[in-house]
1. Run the dipole for segment 87-244 about the Cα centre, Lys and Arg Cβ at +1, Asp and Glu Cβ at -1, nothing else charged, and hand back the magnitude in debye, nearest 20.
2. Determine the sum of side-chain charges near Arg51: Lys and Arg each +1, Asp and Glu each -1, restricted to other residues whose C-beta is under 12 angstrom from that of Arg51.
3. Summing Lys, Arg as +1 and Asp, Glu as -1, what charge do residues with Cβ under 10 Å from the Cβ of Trp81 carry, Trp81 excluded?
4. Please check which bits of segment 82-113 a label hung off Asn135 would reach, taking the label as a point 7 Å along Cα-to-C-beta and the cut-off as backbone N under 12 Å.
5. Please list, by residue number, everything in segment 144-178 whose backbone N is under 20 Å from a paramagnetic label point 7 Å out along Cα→Cβ of Gln54.
6. Would segment 87-244 count as rounded, prolate or oblate if I go by the C-alpha gyration tensor, calling it rounded below 1.5 in a/c and otherwise prolate when a/b exceeds b/c, oblate otherwise?
7. What distance in nm separates the two pseudo spin-label positions at Ser101 and Arg234, each 7 Å out from Cα along the beta-carbon direction?
8. Just going by the charge dipole of segment 87-244, with Lys and Arg at +1 and Asp and Glu at -1 on Cβ, which of Ala116, Phe183, Ser103 is farthest out on the positive end?
Amino acid sequence: MVWVLVLVLVLVLVLVLLLLVQSNATLALLWYDFLLETALDFITRTSRPQRLLQAVCINAVRGNPDSVIAAIDHFCQNQEWAMNVGDEKGAILDSVVMETSPSTVLELGTYCGYSAVRIMRLLPPATRFITLEMNPDYAAVARQVIQHAGLQDKVCLVEGKSADLIPKMADMFGIRTFDFVFFDHWKDCYLPDIRLLEDCGLLDQGSVVLYLDYVRSSLRFSSRFYRSHLEYTRVLDGLERSEYLGHRDAQRDQ
């Protein structure tokens, strides 16, 4: 009887943990992005991005970006959580991209290529789309996901640190400014990177930045917050759409 009681207690604790995971951001990231991922990596001898890529190759129609997005969402909802922008925030991303209609796009943080596919599928082939990823393993998977979506000729993925690459955008690609910038990398890089984009003159009046908290307190930006949830959970989260007003407000911003 003792072992039965122990088993019941363990099951109850697991259920309570899973309920908490669905409502607490710290617990969700600890469970999904550390404990569960580490265990599955050990058991399968593969990485989460590799397992996501396998799901795409099996379930998504080659050359169909919407099919790739659907396959990744299904994988993350039913098999294994992953830190994509996700379906709910992805719909907000879609609306901002269509509203902005950018001709030049910079994404900071490619991960497995989900948001790159999501953004570029809505834009004409002439759009200049550059995405930066510092992790070479993520970049390798992202290239294959983007290729499976048929967007390999429209998305330029560059490996390296954003702090090193942002100042080189003009020389490497001949781009003067970006109409749309999507921040989806390390949060502690947001502030230095937005300042670097400003210092390098890569933001023009009307440029739109998405997913950044810093600009809320800056008079150089006009911001709007979209409430949402952490990817594939019930944890409250959101996206911030901020339009760059230019350096004309620099003195008031100091």
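1. Working: 17 positive and 23 negative charges, 45 e Å.
Computed charge dipole of segment 87-244: roughly 220 debye.
2. Values: positive: Arg45, Arg48; negative: Glu37, Asp41, Glu80.
Residues close to Arg51 contribute a combined charge of -1.
3. Numbers: positive: Arg48; negative: Asp33, Glu37, Glu80, Glu231.
So the surrounding residues net to -3.
4. Zone members listed by number: 82-84, 109-113.
5. Flagged as within label range: 144-149.
6. Details: a/c = 1.36, a/b = 1.07, b/c = 1.27.
Note, shape of segment 87-244 comes out rounded.
7. Result for the modelled spin labels: 4.1 nm.
8. Towards the positive end, the residue furthest out is Ser103.
Read the figures in this text as sums done on the coordinates, not as results from a lab. Keep in mind it's a predicted model, so treat the numbers as computed, not measured. Ideal geometry is used to build each Cβ from the backbone, glycine not excepted, and the neighbour counts take in all protein chains shown.
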